[in-house]
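Notes follow the structure.
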Amino acid sequence: MDEVFSGNTFRDESFHNGDHHPEQEFSDDEADNAADGLSDEEEELAQPPVPLMNTRALKRGLEGRDVTGIIREVLDFMSLKQINLPLFLEALSWGDPGCHSDAKVQYARTALMVSDELPGILERWYNPPRGSRKGKGKRPAGAQRVLRDFARKCVV
């Protein structure tokens, strides 16, 4: 799994010319937003962020593969590390001080934040698809209440 984050998979010039220093520390206050400092017009004209391009390439590489098996392997590894998905996402999402400025964690977090997948993930969390019983039965609970409460806090 480390190869996903290694320099040779990034499409950024600094990774190819040896200027990348993964041990470089960043300020906890520094946003890991690939488009920071760009005007709206510049952002539209700019090349997509490196983490977004990498995620798109990884997604193409998953075509025809057993994604469920891969996910199960990742979940098994997380079990070995005694962490589950909620704790992982909480720490990744600025919930652990050590994760704030770690370059590898920042990259993974930015990949999620700028991903094409994030809106669909949130939509499915809000309104999960029904089980495999062809639309019969109760829909999984999802996170409707939590997302509604969050949305209210954002607009108030």
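No lab work stands behind these numbers, since they all come straight from the coordinates. Owing to the predicted nature of the structure, the values given are computational and were not obtained by experimental measurement. Every residue, glycine as well, gets a Cβ built from its backbone with ideal geometry; the counts of neighbours run over all protein chains shown.
In terms of the mean number of neighbouring beta-carbon atoms within 10 Å, the peptides 48-57, 90-99 order highest first as 48-57, 90-99. At full extension, residue 138 and residue 80 could sit 17.6 nm farther apart than now, given 0.36 nm per residue minus the alpha carbon distance.
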